[in-house]
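Asks: Dropping a structure here in structure tokens format, bear with me for questions.
The values are calculated or read from the model by the stated rules, or taken from the named source; none is laboratory data. If you're wondering where the values come from, they're calculated on a predicted model, not measured in any experiment. Reconstructed Cβ throughout: ideal geometry from the backbone, glycine too, with neighbour counts over all protein chains shown.
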Amino acid sequence: MASMRDIKRRKSSIQSTQQITKAMKLVSTVKLQKARSRAEQTNPYTNHMYQTIRSILTKSANVNHPYLISGESPKKAVVAITSNRGLAGGYNSNIVKLIANSGLPKEDVEIYAIGNKGQDALIRRGYHIKYSDSELIEAPTYPDAAALCKQVLEAFTNGEIGEIYLAYTHFKNTVSQEPTLIKLLPVEIDTTESEEPVGATAQMVYEPTEEEALDMIIPKYITSLFYGALVEAVASENGARMQAMDSATSNAEDIISDLTLKYNRARQGAITQELTEIIAGASAIS
């Protein structure tokens, strides 16, 4: 059985850790309030942009555009959005597992890493990092997303990569975040959406030409999805960290209660031992 000194020392250490986790929970809660508001404001636009592009392409007949055709390169770009800090439960590891279990051949994957934690974990798993930016996730802006979009689209149009994917954490609510992997390019058209009676919908008419229109629309579409994913990732990170720190604080409280009970038992045992020795000594003298 541990001595009273050891128990007291461990209890003091746990209490110090609890103070840290409680402070981190409060900081994450404050950050989450701002990030959640931003994500909730951005989500409708991002979702509407996604649905609009799919609707446009579904109603377009025989559109032949580079953004709709897989490139000759077998390489696949995966934009992986994680955080620069840990202590957020499975937030970062879930993205890494999502990519690893996606079925994409590791040798064909080019990682565009946003956030140090995901980058380090993917390197350890043997993935090639094509591009990294740890500062982008700290305070993402639309121009930042546009710059990232330009970087990835240049590689796509130059034939360096044939497909583009986005891996991020979708923010559902404060206690629920969902790792998500979506294919951005080439844009996949769901043919079931167009299975309607003849004459129910009119074909899309482009002005100017369809190629010129798609050249302008699709980069904005990709940028919007990047920006929405970055904003949701920030909210998800703070939500995950708040939950992790709340759990850590509760666990620390349980450990402290257990150690207090053990300390009291050890103290009672020591007192009983001293009393026994005193009584035994008095009996021996008499």
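Asks: I'm trying to understand the selection: among the residues of segment 152-169, which are free of Cβ contacts under 8 Å to residues at least 24 places away in the same chain and either in a helix (DSSP H, G or I) or touching a Gly at 6+ places or on another chain (Cβ under 8 Å) (or both)?
Replies: E154
Asks: While we're looking at this one, here's another question. So for segment 247-268 (the condition being out of contact with any Gly (no Cβ under 9 Å at 6 or more places or on another chain) and under 30 Å from I114 (Cβ atoms)), does at least one residue qualify?
Replies: Initial filter on segment 247-268 (out of contact with any Gly (no Cβ under 9 Å at 6 or more places or on another chain)): 248-268.
Those still in the list that are under 30 Å from I114 (Cβ atoms) too: 248-249.
Looking for residues that are out of contact with any Gly (no Cβ under 9 Å at 6 or more places or on another chain) and under 30 Å from I114 (Cβ atoms), one finds at least one in segment 247-268, hence yes.
Asks: Return yes or no: is Y67 of a type in the set (S, T, Y), at pLDDT 90 or above and either in contact with an Asp or Glu (Cβ under 9 Å, 6 or more places away or on another chain) or not in a loop (DSSP other than H, G, I, E, B) (or both)?
Replies: Spelling it out, it is not the case that Y67 is of a type in the set (S, T, Y), at pLDDT 90 or above and either in contact with an Asp or Glu (Cβ under 9 Å, 6 or more places away or on another chain) or not in a loop (DSSP other than H, G, I, E, B) (or both).
Asks: Counting only residues that are within 30 Å of M204 (Cα to Cα), touching a residue at least 12 places away in the same chain (Cβ under 8 Å) and out of contact with any helix residue (DSSP H, G or I) (no Cβ under 6 Å at 6 or more places or on another chain), which one in segment 64-113 is surrounded by the fewest Cβ atoms within 10 Å (Cβ to Cβ)?
Replies: Ranking the candidates gives E72 first.
Asks: For Y45, are the conditions met, namely being more than 30 Å from R125 (Cβ to Cβ), part of a helix (DSSP H, G or I), in contact (Cβ under 8 Å) with a residue 12 or more places away in the chain and among the aromatic types (F, W, Y)?
Replies: Working: more than 30 Å from R125 (Cβ to Cβ): yes; part of a helix (DSSP H, G or I): yes; in contact (Cβ under 8 Å) with a residue 12 or more places away in the chain: yes; among the aromatic types (F, W, Y): yes.
Judged against the criteria, Y45 is a match.
Asks: Now for a separate question. For D6, which of the numbered conditions (1) surrounded by 12 or more Cβ atoms within 10 Å (Cβ to Cβ); (2) among the charged types (D, E, K, R); (3) in contact (Cβ under 8 Å) with a residue 60 or more places away in the chain fails to hold?
Replies: It fails just one condition, (3).
Asks: Further question: Of the residues that sit in segment 114-131 and are assigned to a loop (DSSP other than H, G, I, E, B) and at negative phi, which one is surrounded by the fewest Cβ atoms within 10 Å (Cβ to Cβ)?
Replies: To start, the set of residues in segment 114-131 that are assigned to a loop (DSSP other than H, G, I, E, B) comprises 115, 125-127.
Still in the running and at negative phi: 125, 127.
Values: R125: 12, Y127: 23.
Filtering segment 114-131 for residues that are assigned to a loop (DSSP other than H, G, I, E, B) and at negative phi, the one surrounded by the fewest Cβ atoms within 10 Å (Cβ to Cβ) comes out as R125.
Asks: Further, regarding this structure: Restricting to segment 132-159, and then to whatever is farther than 17 Å from V231 by Cβ and of a type in the set (D, E, K, R), can you tell me which residue is surrounded by the fewest Cβ atoms within 10 Å (Cβ to Cβ)?
Replies: E154
Residue by residue, here is whether (1) under 22 Å from K97 (Cβ atoms); (2) touching a helix residue (DSSP H, G or I) at 6+ places or on another chain (Cβ under 9 Å); (3) of a type outside the set (V, I, T) holds:
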| position | (1), (2), (3) |
| --- | --- |
| R125 | yes, yes, yes |
| E138 | no, yes, yes |
| Y142 | no, yes, yes |
| A145 | no, yes, yes |
| L148 | no, yes, yes |
| T169 | yes, yes, no |
